[in-house]
Structures are given as C-alpha cells and as structure tokens.
Amino acid sequence: MKLRRLLRYFTYFRRAHSVYLAFLISLGNFVVIQYRLLISYIPMLSAVFTSLGLFALCFIAIYVPLAIVLGWIDYRKLSVSVDLTLAARHNPYSVDIAKALYLLASGENEKAKKILEKWIDVPRS
C-alpha cells in the first residue's frame with residue numbers, strides 16, 4: 001500500500017515537473033538567452049528594449065498568442081489527429097477495447113468478455 005502511494009506521488013511529481021515547472025523554467029531560460037545573445041549585441045534593438053523585463057513583456061505578448069494559434073491549427077488541421085491515431089493503434093488497451101466493441105456488435109459477447117478480462121481487477125476463484 002505504501003509503495004502504491006509512493007508511486008502515485010512520483011507520478012504526480014513527474015506530471016507537474018514535465019508539464020508545468022520545467023516548461024516555465026525553459027521558457028524563462030529562452031527569454032534570457034534571446035535577450036543576452038540577440039538584443040544586447042544589436043544597438044538598434046538594445047535601444048528599443050532597454051531592460052530584460054521590457055523585452056520579456058513584449059516577447060510574452062507576442063509569443064503566447066502565436067503559440068496558441070499555432071497549437072489550435074495543429075490540433076484542428078495538422079498532425080495531432082494522426083499522432084493520436086497512431087498512439088491509439090499502439091496502445092494495448094485501445095486495441096482491446098476496439099476488438100471488444102467489434103465483437104459485441106457482432107454478437108460475440110463471450111469473446112469480448114474474454115478480451116476485456118485482463119483489464120478488470122476482479123478476483124478469480
């Protein structure tokens with residue numbers, strides 16, 4: 001039981017780290033690097049962006065809406081549907097669910113139950 005709880009906490013940690021915290025750190029790192037390598041070496045840009053804070057505000061004001069629009073286009077018209085289809089075809093749970101649904105529609109309920117048994121935590125006698 002304690003191992004299960006520990007693994008659940010580890011899963012929560014990985015999710016928060018990879019989706020939120022590491023993302024924010026990498027975005028901040030990107031802004032700082034761009035300011036240092038691009039803005040500080042080009043006199044015209046350094047006159048416009050007099051501080052890292054001003055550059056960060058302008059960058060975020062442009063970058064976030066652009067990323068949202070590109071993400072929306074990707075979800076609606078580009079590769080996300082292909083990615084999800086491929087992932088579903090290689091996910092054993094999704095494959096078994098699709099097979100079971102097909103068998104249920106064909107009237108072969110017992111075969112469908114047999115396929116789904118491995119996904120159910122029912123004690124066997």
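Here, each number is a calculation from the coordinates, and none is a lab measurement. None of the values given here were measured: they were computed from a predicted structure. Positions of Cβ are generated from backbone atoms using ideal geometry, with glycine treated the same way; all protein chains shown enter the neighbour counts.
Here's the yes/no breakdown for (1) surrounded by 11 or more Cβ atoms within 10 Å (Cβ to Cβ); (2) of a type outside the set (G, A, S):
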position: M44; (1), (2): no, yes
position: V48; (1), (2): yes, yes
position: L52; (1), (2): yes, yes
position: L57; (1), (2): yes, yes
position: A61; (1), (2): no, no
position: I68; (1), (2): no, yes
position: D74; (1), (2): yes, yes
position: V80; (1), (2): yes, yes
position: A87; (1), (2): no, no
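Of the helices (runs of 4 or more DSSP H) lying entirely inside the stretch 1-120, those containing at least 3 residues that are within 28 Å of the chain's Cα centre (by Cα) are 2-16, 22-34, 52-77, 80-89, 92-105. Contact annotation: residue pairs with Cβ atoms under 6 Å, 6 or more positions apart or on different chains, pairing a residue in the stretch 49-77 that is closer than 17 Å to I33 by Cα with a partner that is hydroxyl-bearing (S, T, Y), are L52/Y35; F55/Y35.
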